[in-house]
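Trainee: Pasting a structure here, questions to come.
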Amino acid sequence: MAIMITEECINCGACEPECPNTAIYEGGVEWTWAGGTKLKTIELEDGTTIDGNKAMPPFSDEFYYIVSDKCTECIGFHEEPQCAAVCPVDCCVPDPEVEETEEELLAKKAWLHAE
C-alpha cells in the first residue's frame with residue numbers, strides 16, 4: 001500500500017523532507033513527476049506523454065498530501081515509511097485504495113530512480 005495523509009494532519013511539515021521520492025507536498029502546492037526522481041517524461045494511462053517537470057494540480061489545498069504513484073513506502077531506502085515514523089500525530093497511514101506488493105514497490109522505486 002502507498003501511504004496517505006489523513007485530515008488529522010497539523011501541517012507541521014515533518015514528513016516532507018523525509019520522503020526519498022519527493023512524493024509529499026504541502027497543501028495547495030503543485031507537484032511534478034521529476035521532483036526527487038530521475039524521470040524526464042511520463043507516459044500516462046491514456047498513452048499521452050508529458051514532461052516530467054510539468055506542474056500537476058495539488059491533491060489537497062488544506063493539508064500535506066502524498067502522490068501515491070510516487071510513494072514506495074520507503075521500500076529499498078528504509079526499514080519503514082519515514083513519513084509515518086516522524087509524524088507527531090500519526091496521520092501518515094497505509095492507503096487502503098492503493099495496495100501494492102513489495103515487488104511492485106521495488107519496481108516502482110527502480111522506475112522512479114532509473115539511471
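No value in this document is a laboratory result; all are computed from the given coordinates. Quick caveat, the model's predicted, so the values are computed rather than measured. Backbone-built Cβ (ideal geometry, glycine too); neighbour counts: all protein chains shown.
Trainee: For the stretch 35-104, what relative contact order do you get, as a whole percent, if you take Cα pairs closer than 8 Å and at least 6 residues apart? Could you put the intermediate results ahead of the total?
Mentor: Numbers: 32 pairs, mean separation 10.0, N = 70.
Rounded, it is 14 percent for the stretch 35-104.
Trainee: Calculate for the chain the 222 nm mean residue ellipticity that helices alone would give, adding -39,500 (n - 2.57) per DSSP H run of length 4 or more and normalising by residue count, nearest 500 deg cm²/dmol.
Mentor: Result for the chain, helices only: -3500 deg cm²/dmol.
Trainee: With a point put 7 Å past each Cα toward its Cβ, work out how far Ala55 is from Glu30 in nm, to one decimal.
Mentor: If labels sit at Ala55 and Glu30, their model points lie 0.3 nm apart.
Trainee: A further question follows. Hey, can you grab everything whose amide H is under 5 Å from the amide H of Trp31? Only 5+ residues off in sequence or another chain; H modelled, so Pro and N-termini drop out.
Mentor: Residues meeting the amide H criterion: Met56.
Trainee: Oh, and also: Over all distinct alpha-carbon pairs, what is the Kirkwood Rh of the chain in angstrom?
Mentor: Numbers: mean 1/r = 0.0697 Å⁻¹.
About 14.3 Å, per the Kirkwood formula over Cα pairs.
Trainee: Between the stretch 1-42 and the stretch 44-84, how many Å separate their Cα centres?
Mentor: Cα centroid to Cα centroid, the span is 6 Å.
Trainee: Just to check I understand the Karplus step: with θ = phi - 60° and J = 6.51 cos²θ - 1.76 cosθ + 1.60, what whole-Hz values come out for the stretch 31-45, glycine and proline as x?
Mentor: Ordered by residue, 3J(HN,Hα) equals 10, 9, 5, 5, x, x, 10, 9, 5, 9, 9, 10, 9, 7, 4 Hz.
Trainee: Between Asp69 and Thr101, what FRET efficiency comes out of the Förster formula 1/(1 + (r/R0)^6) with R0 = 22 Å and r the beta carbon distance, rounded to 0.05?
Mentor: In this case the efficiency is close to 0.90.
Trainee: Run through the stretch 1-68 and list the GluC sites (Glu not before Pro) located in a DSSP loop whose Cβ has at most 16 other Cβ atoms within 10 Å.
Mentor: Numbers: sites: Glu7, Glu8, Glu18, Glu26, Glu30, Glu43, Glu45, Glu62; in loops: Glu7, Glu8, Glu26, Glu30, Glu45, Glu62.
Of the GluC sites (Glu not before Pro), the ones in loops of the stretch 1-68 whose Cβ has at most 16 other Cβ atoms within 10 Å are Glu7, Glu8, Glu26, Glu30, Glu45, Glu62.
Trainee: Are there trypsin sites (Lys or Arg not before Pro) in the stretch 47-115 that DSSP marks as loop and that have at most 16 other Cβ atoms within 10 Å, and which are they? The partial results should precede the final answer.
Mentor: On the way: sites: Lys54, Lys70, Lys108, Lys109; in loops: Lys54, Lys70.
Counting only loop positions with at most 16 other Cβ atoms within 10 Å, the trypsin sites (Lys or Arg not before Pro) in the stretch 47-115 are Lys54.
Trainee: Each residue of the stretch 9-19 in order: what ³J(HN,Hα) in whole Hz does its phi give by Karplus 6.51 cos²θ - 1.76 cosθ + 1.60, θ = phi - 60°, with x for Gly and Pro?
Mentor: Running phi through 6.51 cos²θ - 1.76 cosθ + 1.60 with θ = phi - 60° gives 3, 9, 6, 7, x, 4, 6, 3, x, 7, 6 Hz.
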